[in-house]
Structure formats: C-alpha cells, structure tokens
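The next block holds one structure in the form of structure tokens; read it before the comments.
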Amino acid sequence: MKAAVLTGIRQMQIMDVPEPKIEKDTDVLLKIEVVGVCGSDVHYYETGRIGSQVVQYPFIVGHECSAMVKAVGDSVTRVKVGDEVVVEPAVSCYNCDQCKQGRENTCFKLRFLGTPGQGDGCLCEYIVMPQESCFPTNGAMHSMANAITLEQAALCEPFAIGVYSVRQSQIFRNAKIAILGSGPIGLSCMAAAQAEDVEAIYMTDKLDYRVQIAEKAGVTWAGNPDREDIVKEILQREPLGMDIVFECAGQQETLDEAVELLKPGGRLMLIGIPRVEQVWFSIDKLRRKELTLINVRRQNKCTQTTIDLIASGKADIDFMITHRFKLEQTKDAFDMVAGYRDDVVKALIELE
Ligand SMILES: [Zn+2]
Ligand SMILES: [Zn+2]
C-alpha cells in the first residue's frame with residue numbers, strides 16, 4: 001500500500017509499505033478515507049520529536065481520520081464491512097488502574113496512532129484498529145445512514161478535545177468564557193461551547209485571519225494581543241471577569257492573561273501544550289481569586305458525543321476545513337501548516 005513516510009527532519013516520501021493484517025479476532029481492517037493534519041504531526045515532521053517521544057525513521061504519522069471498514073475479525077460486533085467510521089486513535093488496555101477508574105485517556109499502557117514508540121499513523125491506505133476504536137457514523141443514535149460526512153468524521157478527533165474540555169470545565173448556561181488561541185483546538189472549544197448556549201465568548205489569536213474566522217463564527221468579541229491589550233478590552237466589556245478561560249496556545253503570555261481575565265472562583269482550562277518544561281503562575285493571584293486549574297489530556301469518552309453534535313446540527317465545524325490535498329501532496333500540506341501559510345486552519349488529506 002501507499003504511505004506518506006517521514007524519512008528525516010522535514011523529509012517525507014510516498015512509499016510502498018506492507019499492508020497491515022487482522023491479527024486478533026477483535027481487529028478491524030480500515031481503508032483510510034480522510035486524514036486531518038494536526039499540529040503534533042507537523043511538529044514531528046519539523047523537529048523529529050515531541051518532548052521525550054523521538055521519531056525512529058522511517059515513520060508514518062497521522063491520527064485524525066475517517067475510514068471505511070474493509071474486513072473484520074471473527075468476534076467484531078461494533079461494525080461491519082462497508083461502514084464508514086470515525087477512528088478513535090487512542091487504544092487503552094481497559095484493565096489498568098486508570099482504565100478501571102474510567103480514565104482511559106491516562107491509561108498506563110495507552111497506545112496512540114502515529115506516536116513514536118507506540119505505532120505508525122494513518123497517512124497511508126490501510127490501518128488495523130481494535131473494534132473499540134471504530135465509531136460508525138450510521139450508529140444506533142442516527143436514523144439516517146452516514147449522518148456525518150467523511151470530512152466531518154476526520155475532524156471528530158480534534159473536535160472531541162474541545163467537547164471534552166468544555167465538559168471538564170463544568171460549563172453552564174449563560175457562562176461568560178474566553179478562549180485564548182484560535183487554532184483548530186481553540187475553535188473546537190468554541191464550537192462545543194456554542195452548543196451549550198453560553199452567554200459570551202471572547203477569543204484571541206496572534207494571527208489576524210484566525211481572529212476574523214472567530215468573528216465570522218459569531219463570537220462576542222475577538223482580538224489580536226499583538227495589536228491591542230486584550231485583557232483591557234475584554235474586562236472593559238465584562239468588568240466582573242470570565243467564569244472560565246480555555247488556554248489553547250500553551251504560552252506563558254496567555255497563561256498570564258487567563259489569570260487576569262478570570263473572576264474569583266473561575267476555572268482555568270489548560271489545553272495548549274507549552275514547548276517549555278515549566279510555566280509560571282502568580283500564586284498570589286491564583287490564591288486570592290481561588291482559581292481552579294484543570295489540565296486536559298486529549299479527551300475521554302467524547303467521540304460519540306462529537307458525532308451526535310455534528311449529526312444533530314448543534315455544532316458546525318465545517319468552517320475549519322480550509323485546504324484539501326491528495327496523499328501524494330502530504331509534504332506540501334505539512335509545509336503549509338508548518339508555516340501557517342495561506343490562512344490555513346485545518347488541512348485535510350483525501351485518499352482515493
Ligand atoms: Zn491531533
Ligand atoms: Zn489501561
């Protein structure tokens with residue numbers, strides 16, 4: 001089969017690699033349809049590592065995908081041949097302390113698609129996943145066949161992180177929130193929060209085109225911290241401060257802004273991944289405001305909710321798709337996302 005293979009720093013080749021095979025009777029062989037290019041894929045491409053996870057070449061990245069079921073193991077019941085599915089890239093053991101507590105996202109034996117040391121990714125024609133990772137888009141919840149498109153299905157993985165972050169934040173109707181960072185994850189938090197009928201959403205980003213995308217998506221106000229004092233602008237409009245801030249940039253600057261923006265008793269959702277080992281907080285401000293910090297590790301049990309939100313029309317995420325490429329053009333897609341070129345938000349790789 002064809003695969004887009006990382007062969008070195010900023011090097012990628014389309015190669016012929018062996019097709020994976022069903023090994024366990026709970027395995028599903030999937031034909032990949034659409035793959036979303038994620039910032040983490042691009043980070044592996046540019047630097048060969050994320051923290052302690054180092055790429056051993058050759059390696060296939062990619063973890064946001066939709067697929068069609070091509071074959072199933074003998075005891076598979078969740079899906080059948082021909083089903084279109086959202087692929088949940090995390091495979092947990094369901095048996096360790098964390099899994100038994102319902103925390104599959106922090107499973108001690110977690111394997112994640114397209115992660116060095118854990119397994120190759122989905123930028124190829126076929127993958128094998130356990131049936132638990134396959135969420136049919138025509139599941140029991142939906143009356144119509146294929147209630148969401150293959151492109152929407154590929155967006156479910158990043159959107160699920162937004163849905164999970166909003167769930168973990170204990171959001172409430174009429175809450176006033178800020179989302180700092182308007183990339184795919186910030187916009188996913190936005191779409192998930194909009195589905196919860198919050199009263200006000202303030203968004204920021206250092207890229208003007210992303211500020212405009214947030215405005216177009218109907219947020220209360222959006223601004224660029226390089227052009228204006230976003231803390232002043234937001235607090236002028238909301239003197240009491242924010243109930244919840246979603247930090248989706250992973251920068252010291254946005255963490256500082258979040259602490260300023262929150263009202264006493266507010267919740268700070270830590271979603272962005274800092275590139276540094278340590279970040280800094282004013283303990284005086286955290287304590288006086290009695291702020292709650294909540295860390296987000298990918299997502300847990302939100303894939304089906306994500307599909308349902310899109311299928312029901314409660315959440316619209318199509319606006320995030322800005323570019324489409326073929327598998328052969330994957331390197332072009334990665335170079336574009338790496339350079340934030342051409343007003344990119346989400347680039348999709350569409351397989352034939
Ligand atoms: Zn991702
Ligand atoms: Zn486990």
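For Ile244, work out the one condition from (1) more than 15 Å from Ala178 (Cα to Cα); (2) in a strand (DSSP E or B) it doesn't fulfil.
Only one criterion is unmet by Ile244, namely (1).
Could you please let me know if Arg267 is out of contact with any Ser or Thr (no Cβ under 6 Å at 6 or more places or on another chain) and of a type outside the set (A, V, I, L, M)?
no
Can you tell me which residues in segment 73-126 are of a type in the set (Ser, Thr, Tyr) and under 16 Å from Asp27 (Cα atoms)?
Selection gives Ser75, Thr77, Ser92, Tyr94, Tyr126.
Quick test of your reading of the structure: Pro239 fulfils all but one of (1) farther than 30 Å from Gln278 by Cα; (2) open to solvent by less than 10 Å² (accessible area, probe 1.4 Å). Name the failing condition by number.
So Pro239 meets the others, but not (2).
In segment 1-40, what residues are in contact with a Leu (Cβ under 9 Å, 6 or more places away or on another chain) and open to solvent by 30 Å² or more (accessible area, probe 1.4 Å)?
Answer for segment 1-40, where residues must be in contact with a Leu (Cβ under 9 Å, 6 or more places away or on another chain) and open to solvent by 30 Å² or more (accessible area, probe 1.4 Å): Lys2, Gln13, Ile14, Glu19, Pro20, Lys21, Ile22, Lys31.
Restricting to segment 274-310, what's the tally of residues that are over 18 Å from the mean Cα position of the chain (by Cα) and assigned to a helix (DSSP H, G or I)?
Of the residues in that region, 6 qualify.
Of all the residues that make up segment 313-344, how many are open to solvent by less than 40 Å² (accessible area, probe 1.4 Å) and farther than 27 Å from Met15 by Cα?
3
Scan segment 139-158 and tell me whether some residue there is within 16 Å of ligand 2 (Cβ to nearest atom) and either touching a Pro at 6+ places or on another chain (Cβ under 8 Å) or more than 25 Å from Ile22 (Cα to Cα) (or both).
No, there is no match, as no residue in segment 139-158 is within 16 Å of ligand 2 (Cβ to nearest atom) and either touching a Pro at 6+ places or on another chain (Cβ under 8 Å) or more than 25 Å from Ile22 (Cα to Cα) (or both).
State the number of residues belonging to segment 41-66 that are farther than 16 Å from Ala90 by Cβ, of a type in the set (A, V, I, L, M) and either within 15 Å of ligand 1 (Cβ to nearest atom) or surrounded by fewer than 19 Cβ atoms within 10 Å (Cβ to Cβ) (or both).
3
The values are calculated or read from the model by the stated rules, or taken from the named source; none is laboratory data. Because the structure is predicted, anything quoted here is derived from the model rather than measured. FYI the Cβ positions are ideal-geometry reconstructions off the backbone, even for glycines, and counts take in every protein chain you see. Only protein heavy atoms, including side chains, enter the accessible area calculation; ligands, DNA and RNA are left aside. Shrake-Rupley method; radii C 1.70, N 1.55, O 1.52, S 1.80 Å.
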